Amino acid sequence: MNTQIGTNDVNTTADILLEDTWVHGNGGRYSILVYNSNRVILRRVVVRHDGNWTDTKGDPEAGITFYNSSNSFTENVIILDSNLTYHAWQSAFYSVYNTASPQSTSNDAWLGVISLNNLSGADGAGLRFDGNGGQTGHQIQDAVLWDASWGLNVGYNTSVSLTATRLTIGRNSGSSTGIAGQSSGTKTISNVRLFNATVSDVSVSGTAQGKPTYLPT
């Protein structure tokens, strides 16, 4: 099953609320896609990506995707157990800006979210930023990104500006890149607890290894 908000046909989709929802089942690149839209809220949503997307072009798959959409947020959302073998798995939460569309990806937020057990082979992130254009004004707060290859991937192909605080990132076993990305843009990341995870190419303040007890800024 997949749910799409927004369309290629118009860029005026706005002011949508989706809450108290459980999304699962076969089919679809994205379990929930917010596309070419503005002011969309996903609240108290649970997602499990069950696969069976058979596209042969290598198009990405993810749990919840903000794609060329702005001023939108997820709040108290869980994406869990998306750990099958997928065609081209990217991440549980996915943020994309493709400059071919007139709508930017900016001022979005992930608040009180959990990505749990979304590891597909050696791939996948808890939250990833991607695309060919810059993203600005994003906020991440009170997030748990657990059991993925990457916790927070802040972009290798884009400029990303964001503020993130109170993050718990890690793996139960093995190791992961907890926070990484070589994109340009201003990133203010603080109050992070890491477990079996590292930080690469990003400046982070207030980090510690071990149990999820947050540090002061």
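The values are calculated or read from the model by the stated rules, or taken from the named source; none is laboratory data. Here the structure is a predicted model, which is why all the values come from computation and not from measurement. Ideal geometry is used to build each Cβ from the backbone, glycine not excepted, and the neighbour counts take in all protein chains shown. Please note that ligands, DNA and RNA were not included when accessible areas were found on the heavy atoms of the full protein model with its side chains. Shrake-Rupley method; radii C 1.70, N 1.55, O 1.52, S 1.80 Å.
Are any of the residues in the range 16-25 without any contact (Cβ under 8 Å) to a residue 40 or more places away in the chain, among the aromatic types (Phe, Trp, Tyr) and assigned to a strand (DSSP E or B)? Yes, because at least one residue in the range 16-25 is without any contact (Cβ under 8 Å) to a residue 40 or more places away in the chain, among the aromatic types (Phe, Trp, Tyr) and assigned to a strand (DSSP E or B). Taken over the range 147-159, the residue count meeting the criterion of being open to solvent by 50 Å² or more (accessible area, probe 1.4 Å) and in a strand (DSSP E or B) is 1. Looking only at the range 160-197, count how many residues are part of a loop (DSSP other than H, G, I, E, B) and buried (at least 20 other Cβ atoms within 10 Å of the Cβ). Result for the range 160-197: 2.
Note down all Cβ pairs under 9 Å where the first residue falls in the range 78-106 and is free of Cβ contacts under 8 Å to residues at least 24 places away in the same chain, the second is open to solvent by 20 Å² or more (accessible area, probe 1.4 Å) and not aromatic (Phe, Trp, Tyr), and they're at least six residues apart or on different chains. The qualifying pairs are Ala100/Asn132. Screening the range 116-132 for residues that are buried (at least 17 other Cβ atoms within 10 Å of the Cβ) and in a loop (DSSP other than H, G, I, E, B) and picking the one that is modelled with the highest pLDDT gives Asn118.
Among the residues of the range 56-99, those that are within 13 Å of the chain's Cα centre (by Cα), closer than 19 Å to Ala122 by Cβ and of a type in the set (Ser, Thr, Tyr) comprise Ser91, Tyr94. Does Thr21 fit the bill of being at negative phi and modelled with pLDDT under 90? So Thr21 does not fit the description; no. Taking the range 56-98 as the range and being open to solvent by less than 30 Å² (accessible area, probe 1.4 Å), polar (S, T, N, Q) and in a loop (DSSP other than H, G, I, E, B) as the test, the residues that pass are Asn68, Ser69, Ser72, Ser82. Within the range 3-31, the set of residues being open to solvent by 30 Å² or more (accessible area, probe 1.4 Å), within 19 Å of Phe66 (Cβ to Cβ) and touching a His at 6+ places or on another chain (Cβ under 9 Å) comprises Arg29 only. Filtering the range 99-115 down to residues that are under 11 Å from Val144 (Cβ atoms) and among the aliphatic types (A, V, I, L, M), which residue is surrounded by the most Cβ atoms within 10 Å (Cβ to Cβ)? Per the criteria, the residue is Val113. Taken over the range 37-55, the criterion of being over 16 Å from the mean Cα position of the chain (by Cα) and buried (at least 22 other Cβ atoms within 10 Å of the Cβ) is satisfied by Ser37 alone.
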